[in-house]
Amino acid sequence: MRLASLKAGRDGRLVVVSRDMSRCVAAEPIAPTLQRALDDWQRCAPQLAALAQMLEQDECADAFAFDAAACAAPLPRAYQWADGSAYLHHVQLVRKARGAEMPANFWHDPLLYQGGSDVLLGPADPIAAADEGLGIDFEAEVAAITDDVPAGTSSISAAAHIALLTLVNDVSLRNLIPAEIAKGFGFFQSKPPSALAPLAVTPDELGAAWDGARLHLPLLSSLNGERFGQPNAGIGMHFGFPELIAHAARTRPLGAGTLVGSGTVSNEDAGAGCSCIAERRALELLERGEPRTRYLRFGDRVRIEMLDAAGRTVFGAIEQTVVRA
């Protein structure tokens, strides 16, 4: 099933969306918000799936037209946003560009940081920044949304706790990152609100593209209408989602509605392009001696989307414009 949150209040109004994204129906008799549904996922998920089936069979008299631009993030505010960096080609590349070796433990100990989740942007909300000089960048990612995950859950067991999948634009302010990292305490000011795709989709809807740990489809990103990257999200993801979730839950439980990000999707194949400007700049620096691609400026338009094998959108598109805050 495909779920979305229309803009309403602080947590949105949960709707079930048809596969062709033309219609939707309110889920309020089951759960008014996605967070409420996730809080009681074992009860709500089968009921929402039944409602989705009724919608597909045109049996919902109260169905209405779906407008992705009217969506908030599926979780407008989440209890937790834990972002990984599972594509080690990306990690290795950006470190090499600044003259740093990749530590050996990165190959067996996942990178993960806790980002801001009290404000998550809808798919058409602008990227607001005070100054172009901050180094505004997009990062195209896949994210899993969990139900309640007990502390100490193994990676084998963690797979069963993936309730939904979606796409993320993990906005970064690149020129603030070096000073924050130098403090040894992680990102904060360099990570403004991230945006989510219109739809959060259950794994069963993804068919053979989902192997239980990775989503094997190209992640398309465009800048001002020109293709920027199309790496396959199932290739080069060194740590799958169950491993990332188990790593996050090693010493504490994860509450229902936790978002776990894949990190910037990246393939070694240069023809696949990049999912963020920083990676393209790193390649330019290594190949040409200097970066040539500029970071985002006011008025720039970013689009992030994933299509299935038949060319149909899976999660809807993130389409954002950069504006002055």
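This table checks each residue for (1) open to solvent by 10 Å² or more (accessible area, probe 1.4 Å); (2) over 23 Å from L223 (Cα atoms).
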position	(1), (2)
F241	no, yes
I245	no, yes
T251	yes, yes
T258	no, yes
E268	yes, no
L285	yes, no
G289	yes, yes
A310	yes, yes
T321	yes, no
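Starting from residues that are more than 22 Å from the chain's Cα centre (by Cα) and of a type outside the set (A, V, I, L, M, F, W, C), keep the ones in the stretch 131-156 and report whichever is surrounded by the fewest Cβ atoms within 10 Å (Cβ to Cβ).
Of everything passing the filter in the stretch 131-156, G133 is surrounded by the fewest Cβ atoms within 10 Å (Cβ to Cβ).
Go through the stretch 42-100 and give me each residue that's of a type in the set (D, E) and closer than 24 Å to I145 by Cβ. Step through it out loud before you land on a result.
Of the residues in the stretch 42-100, the ones of a type in the set (D, E) are 56, 58-59, 62, 67, 83.
Result: E56, D67, D83.
Which is open to solvent by less than 10 Å² (accessible area, probe 1.4 Å) and free of Cβ contacts under 8 Å to residues at least 24 places away in the same chain, of S172, S190, S194?
Exactly one residue qualifies, and that residue is S190.
Can you name every residue in the stretch 273-283 that is over 17 Å from V168 (Cα atoms) and open to solvent by 10 Å² or more (accessible area, probe 1.4 Å)?
G273, R280, R281, L283
Residues that are among the hydrophobic types (A, V, I, L, M, F, W, C) and either closer than 30 Å to D148 by Cβ or modelled with pLDDT of 95 or more (or both): list the strands (runs of 3 or more DSSP E) wholly contained in the stretch 225-321 that include at least 2 such residues.
Answer list for the stretch 225-321: 258-261, 301-306.
Quick one: A213 ticks every box in (1) outside any strand (DSSP E or B); (2) modelled with pLDDT of 95 or more; (3) farther than 19 Å from I145 by Cβ; (4) of a type in the set (A, V, I, L, M, F, W, C) except a single one, so which number is it?
Against the list (1) outside any strand (DSSP E or B); (2) modelled with pLDDT of 95 or more; (3) farther than 19 Å from I145 by Cβ; (4) of a type in the set (A, V, I, L, M, F, W, C), A213 comes up short only on (3).
Evaluate the stretch 189-197: report whether one residue or more is modelled with pLDDT of 95 or more and farther than 26 Å from E305 by Cα.
Within the stretch 189-197 (the criterion being modelled with pLDDT of 95 or more and farther than 26 Å from E305 by Cα), the answer is yes, since at least one residue qualifies.
Would you say D204 is among the charged types (D, E, K, R), crowded, with 18+ Cβ neighbours inside 10 Å and at pLDDT 95 or above?
no
Could you check, for the stretch 272-287, whether at least one of its residues is out of contact with any strand residue (DSSP E or B) (no Cβ under 8 Å at 6 or more places or on another chain) and closer than 14 Å to I136 by Cβ?
yes
Please pick out the residue among P29, P74, P46 that is farther than 30 Å from Q114 by Cβ and either open to solvent by less than 10 Å² (accessible area, probe 1.4 Å) or at pLDDT below 95 (or both).
Testing whether each residue is farther than 30 Å from Q114 by Cβ and either open to solvent by less than 10 Å² (accessible area, probe 1.4 Å) or at pLDDT below 95 (or both) leaves just P29.
The values are calculated or read from the model by the stated rules, or taken from the named source; none is laboratory data. Model, not experiment: these values are computed from the prediction. Don't worry about glycine lacking a Cβ; one is built from the backbone with ideal geometry, like all the others, and counts go over all protein chains shown. Areas reflect the complete protein model, heavy atoms only, side chains present, ligands, DNA and RNA absent. Shrake-Rupley method; radii C 1.70, N 1.55, O 1.52, S 1.80 Å.
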